[in-house]
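The values are calculated or read from the model by the stated rules, or taken from the named source; none is laboratory data. Bear in mind that the values here come from a model prediction, so they are computed numbers and not experimental data. With ideal geometry, Cβ positions are generated from the backbone for all residues, glycine too; neighbour counts draw on all protein chains shown. What goes into the accessible areas is simple: the full protein's heavy atoms, side chains included, and nothing from ligands, DNA or RNA. Shrake-Rupley method; radii C 1.70, N 1.55, O 1.52, S 1.80 Å.
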Amino acid sequence: MTPLPVQALDIAAAVVLVTAWVSLLHRRIEALVDTYAIQSAAVALTAGLVAYEYRAPDLYLLAGLTVAVNVVALPGLLRRVVRVLGVPRMVNMYASVRESALIGLALLLLSVWVVGPIAPFAEIPSAGLLPIAVAVVLIGFFLLVSRRKAVTQVVGLLVMNNGVFLAGIALTYGLGLLVELGLAANLLVLAIVARIFLQRMKESFDHVDADALRALEG
Amino acid sequence: MNLPELLLLVALTGGSAAAILGFARPGAARVRASFLVGALASAVAAGQAVLVLIGMALPTVALGLPGTISASPLLALGIQEDPLSAFFLLVVSVSGAAILLASVGYTERYVDGRRGLLAGGMSLFWVAMALVCVAGTVFLFLVAWEAMTLISYFLVVHDHESESSRRAGLLYLVMSHAATGAILVSFVLLATGTGSTSWTGIAAGAGGLSPGVRDAAFLAALVGFGTKAGMVPFHGWLPEAHPAAPTNVSALMSGVMIKLGLFGLLRVALDLLGGGPSWWAYLVLALGGVSALGGVLYAIAEHDLKRLLAYHSVENIGIILLGVGAAMLFQSLGDPVLAALALAAALLHTWNHALFKPLLFLGAGAAVGETGTRDMERMGGLIRRMPGVALGFFVGAMAISALPPFNGFVSEWLLFQSFFAGFTTGSVLAEISLSLLAGVLALTSGLAAYCFVKAFGITFLARPRSEAAARAGRPPASLTGGMGILAAFCLVLGVAPILALDLAARPLRELTGAAVGSGVSLGVLSALPNPSGGSLPLAPAIVAALLAGGLLVAWIVRRLRRAPAVDERPLWDCGLDAPTSRMEYTAAGYAQPVELLLRDVYRPTERAEEVPPVRPSWGGLARMQRYTVVITEPIRGWAYEGVASGTVALSRAISRFQSGRIHAYLGYIFVTLIGLLLLVRAVGGSGP
């Protein structure tokens, strides 16, 4: 019988994965952002559980930080962007919802197939998280690639980030506080830059459709 | 930091400063300063190269900046100057200085901004070429090589408004890049085989390479460097790019840059690989022979002055390759002394060509610039409009036709010597091929002289053949000055070739292992290999003396004979009218006998047509016919056009990937990532 925290860990990781997949299904941007907030909360929970299990107090700090930044601050920021800039509420995508869902599943299979064999070598109970983490990264990437609007792309990037975070926890029980802090700060900066970028796009082109960059086509 | 090191640093920095000065802001004074600084830097580099060639050396820790903790930063850059480098640096820099000086005045026709680009570009071009010479590692060499290619491309398309310039530039760019690809292959083979990327390391380890790798590296280098040098059949860019570029750029490219192709070939074939089996040598000899003869034949058929000179570059590269090939042949036969003789001819001819070809190009530039046409049939009579330029062109024409007392004679004479000396090698195949090639060389020299009678005579002599030629202005003094420097070198190296041979002694020793003259004090010709046991007469000086004596005698005889009473009458005008330029011998007419003789080679398209009669000024009726002959190279039609259009099509296809869509770019990354994951699993995953 695996200890309780480890089972909880698996469940939290499952939530991260499922939310990543679900984020492919949303048509409305607010729902997408909400899903991201839930996913971040699950990631924070994972960090907390690892901190508890392995007596790594600095991971508590990390979990707290994740809650503050990824659950509260960033989604708030994104909602504001959507509201203030008047971004159309619908997610505009290249792949249909059904295709996205199937591709998401395929990505999950791929990461299990590729990373699965590697995981046992890391002789740690939570190493099983690795395929999940990779799948989340890939799904985030797919989100980034397949959605038209800049806001949704930012969400894709954030999902990827969650995946990287999860991988870090799975392999090393935290990438090391300093690294994590750096990562979190990075993320915030990224969000702010994205915000400014969107603002500029809005001002210059009157819309925030990354598709308009096609004008560059030679 | 010793003197050569300091000078090299000063020269490279100076060249770069000149480039910045040119690019910085337009303005006539600044452009002039840019050219002058560039010329000065070039001259400093020439001096540095001489110092190295007479025995000084860079510290083995190459350029070290004063004040840095260790001298390593620039060593890491990989600068290294061995005698071969120094010799080519000398070749590059002497001509570079003269051309940059001549450009001060020549470029006055361009508007200021464009002049600045030209000035900066040319100085930077020189810096890149100097770096190619002194690069001691594969990396630095390739970077400098590519820089050289790209800068020269931009210089070729300087007149980018003209469609033909752009087309020529494209062809040049495509062929140069294909060539660089081949060079890269060669170096990758050498570097992976020997585990080193520096010349010294590769040279040390090259003995252990398998014959297959050595052959492949040599062939790739021959194709790559041969393309840059303009060796047949990879010369296609040359007659296109040289006419398209501004003439001073052509002078720099044709006189100097293509030599670096030879430099690369010598570096790989003789220095790094240390020679090879005799079939390498026969291949180089065959290509050299074809280049020499083919180049001169198409030059004769060409009436566009700049294209004519471009074809002569092909010819001279062929002559140099004959020397290189002969050297390789003698080395493979185990005769380093003869190899040194042949290589001395090749190195000397390299330098000589780097002197007289820019001289000719600058002269042609003055003629083309002042008349506004490149067609020789529309020039004529320019000797009265620009006597200095005509004199310089004449010197260049004498030199390239290998006539004493100019430098071209010395190197071709040495080459003949080495060919004839080849009869002592004992290899029947070598003897047969060398005697055949001596015939080819003789024919080439003769035809070159034939061609330059045309080039000089039609362009500069007789009456102007067009309004523009009659109104041609006087070219600027700096142009004549630059030509003067080059002409002086042609004469000095023709009368006292010992100077050049002394400078070539160290690279010769290093490449062939023969004990060639060991310093300035030795008369190198007597120290040169001496197959027959007697001494090789120092012919150029003797010939010069004979010529001078002959002239003296003629002058005395003329003085002694009372000049006959001069009886002036009007010139006989064929019963028509005052002689006009239409009665002059034309370039087409001059070349026609050779074209007729070699119909099967040229396969000309001839057309004779009746043109509507005009009423001449004397009132009668004349029937007029126009005769046109078009000669195109057989190889150009399919090979180069094919390569160029194929590349364009490929670029179009690739440019479709450049959609400008962020999603597309992200998608590429995504697909690549997935692909790599699959690859990792398929190849490396051992399964759970």
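Points worth noting:
- Note on segment B:146-222 and segment B:327-375: Cα centroid distance 21 Å, given to the nearest whole angstrom.
- Based on protein heavy atoms only, chain B ends up with 40 Å² per residue of surface accessible to a 1.4 Å probe.
- Percent accessible area from carbon and sulfur atoms, segment B:227-286, protein chains only, probe 1.4 Å: 69 percent
- When the alpha carbon gyration tensor of segment A:39-99 is reduced to an equivalent ellipsoid, its three semi-axes come out at 33, 17, 5 angstrom, largest first.
- Cα-based helix-to-principal-axis angle, B:587-597 vs chain B, degrees rounded to 10: 70 degrees
- A Förster radius of 25 Å, combined with the Cβ-Cβ distance separating B:THR192 from B:LEU679, puts the computed FRET efficiency at roughly 0.65.
- Debye log10 I(q)/I(0) at q = 0.09 Å⁻¹ for segment B:164-276, Cα point scatterers: -0.27
- Buried surface for the B/A pair, taken as the accessible area of each chain alone minus that of the pair with a 1.4 Å probe, is close to 1800 Å² in total.
- Projected area, mean over directions - chain B, Cα convex hull, nm²: 39.8 nm²
- Estimated 222 nm signal from helices in chain B, with DSSP H stretches of n ≥ 4 weighted -39500 (n - 2.57), rounded to 500: -22500 deg cm²/dmol
- Projected label distance in nm at B:TRP555 and A:MET90, using a 7 Å step from Cα toward the beta-carbon: 9.9 nm
- Shielding by other protein chains, B:663-670, mean Cβ within 10 Å: 5
- For chain B, the longest site-free run once GluC sites (Glu not before Pro) in DSSP loop states with at most 15 other Cβ atoms within 10 Å are removed: B:162-567
- Most to least accessible of B:THR137, B:THR628 (protein chains only, probe 1.4 Å): B:THR628, B:THR137
- Segment B:290-517 - percent of accessible surface contributed by carbon and sulfur, probe 1.4 Å: 67 percent
- Extents of segment B:222-360, taken as max minus min of Cα coordinates on every principal axis and listed largest first, are 45, 23, 23 Å.
- For chain B: relative contact order, % (alpha-carbon pairs under 8 angstrom, 6 or more apart): 12 percent
- For segment B:665-670, Karplus couplings with θ = phi - 60° (6.51, -1.76, 1.60), whole Hz, Gly/Pro x: 4, 4, x, 4, 4, 4
- Complex-versus-alone comparison for segment A:128-143, residues with a loss of 50 Å² or more in accessible area, probe 1.4 Å: A:PHE141
- Exposure check, 1.4 Å probe, all protein chains in place: A:TRP113 carries approximately 110 Å² of accessible surface.
- Our note on the geometry: Cα centres of segment B:237-275 and segment B:5-32, 23 Å apart.
- Segment B:199-328, relative contact order in percent, only Cα pairs under 8 angstrom and at least six apart counted: 31 percent
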